[in-house]
Amino acid sequence: MIILITGPSGAGKSSFIHELMAQEPRLGFSVSTTTRPMRPGEADGRDYDFVDDDEFDRLLAEDAFVEWAPVHGRRYGTTRRRLDELTGAGRIPVLDIDVQGGVQVLERFGQEMVSVFLFPPSWEELERRLRSRGTDADEAIARRLQTARHEVTFAPRYRYWIVNDDLQEAVGKMRAVITAEECRAENMGLPPLP
Ligand code: ADP
Ligand code: 5GP
């Protein structure tokens, strides 16, 4: 099982995944590689592997990515190395990636993917959250809102939809999804009775 979480920037994916992982230690966050600058409060190797354009080009040439995409003028990608580290440690990987990358991993991994589209409760609340985060200039916020309109058109490709209104409620729904997926007969291997 690989968990894919997608939603507009500001929907609350980071907050949601952070809380989910605190409640479900079997999960492991798939640290993406990006060329965007680090925000205050972020740590290299924890939130992202921060690289420059040359390093990203080098990784591309090595075929290091299972998916990558340009987002808001920067490049973001998931490396095979980070995924292998998680599965090697017996963790269920959690990917926080945009719709372009989501489409790529859904095609690549198919039924293994538990795909979730995370919605904000409204457009007004999305804008409020982007502003309250205080990390982006007005121009960047306008760009993120515009991208969000396009991103939600991809929501029908995802297996589950969760609205992140109350964070604890949204995380509770996600935990129910994981439990349901683990109970699917096709994910069980052999029947529990010989
Ligand atoms: P994303 O990772 O999707 O870009 P963040 O997790 O950074 O979003 O959240 C954007 C802002 O919204 C942050 O200031 C965060 O504290 C706030 N936020 C996230 N989830 C909720 C929620 N359920 N209710 C209210 N505020 C939220
Ligand atoms: P942010 O800059 O706000 O952290 O992320 C911007 C967008 O990039 C979000 O929609 C996030 O899901 C997406 N993103 C983060 N990592 C990756 C990745 O590895 N691949 C892709 N395709 N998108 C990513």
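Just give me the residues in region 113-128 being in contact with a helix residue (DSSP H, G or I) (Cβ under 9 Å, 6 or more places away or on another chain) and in a helix (DSSP H, G or I), in sequence order.
Answer for region 113-128, where residues must be in contact with a helix residue (DSSP H, G or I) (Cβ under 9 Å, 6 or more places away or on another chain) and in a helix (DSSP H, G or I): TRP123, LEU126, GLU127.
Could you grab the pairs with beta carbons closer than 8 Å, sequence gap of 6+ or different chains, first residue in region 1-18 and near ligand 2 (Cβ under 8 Å from one of its atoms), second one of a type in the set (Ser, Thr, Tyr) and not in a strand (DSSP E or B)?
Matching pairs, first to second residue: THR6/TYR158; PRO8/THR147; SER9/THR147.
Within region 126-140, take every residue that is without any contact (Cβ under 8 Å) to a residue 24 or more places away in the chain and either under 20 Å from ASP165 (Cα atoms) or within 12 Å of ligand 2 (Cβ to nearest atom) (or both) and give me the one that is surrounded by the most Cβ atoms within 10 Å (Cβ to Cβ).
ASP136
Cβ-Cβ under 6 Å, sequence separation 6+ or interchain: first residue in region 77-104 and without any contact (Cβ under 8 Å) to a residue 24 or more places away in the chain, partner within 15 Å of ligand 2 (Cβ to nearest atom) and not small (Gly, Ala, Ser). Which pairs?
Close Cβ pairs (under 6 Å, with a partner that is within 15 Å of ligand 2 (Cβ to nearest atom) and not small (Gly, Ala, Ser)) amount to ARG80/VAL66.
Can you spot a residue in region 40-49 that is in contact (Cβ under 8 Å) with a residue 40 or more places away in the chain, within 16 Å of ligand 1 (Cβ to nearest atom), of a type outside the set (Asp, Glu) and out of contact with any Leu (no Cβ under 6 Å at 6 or more places or on another chain)?
yes
At least 3 residues that are closer than 22 Å to ALA137 by Cβ and at pLDDT 95 or above in each: list the strands (runs of 3 or more DSSP E) lying fully within region 1-91 that qualify.
Of the strands (runs of 3 or more DSSP E) lying wholly inside region 1-91, those with at least 3 residues that are closer than 22 Å to ALA137 by Cβ and at pLDDT 95 or above span 74-79.
Looking only at region 150-168, count every residue that is exposed (fewer than 12 other Cβ atoms within 10 Å of the Cβ) and part of a helix (DSSP H, G or I) and tell me the total.
4
Of the residues ALA64, ALA22, which is out of contact with any Asp or Glu (no Cβ under 9 Å at 6 or more places or on another chain), in contact (Cβ under 8 Å) with a residue 12 or more places away in the chain and more than 10 Å from ligand 2 (Cβ to nearest atom)?
Among ALA64, ALA22, only ALA64 is out of contact with any Asp or Glu (no Cβ under 9 Å at 6 or more places or on another chain), in contact (Cβ under 8 Å) with a residue 12 or more places away in the chain and more than 10 Å from ligand 2 (Cβ to nearest atom).
The values are calculated or read from the model by the stated rules, or taken from the named source; none is laboratory data. Values in this document were obtained by computation on a predicted structure and should not be read as measured data. With ideal geometry, Cβ positions are generated from the backbone for all residues, glycine too; neighbour counts draw on all protein chains shown.
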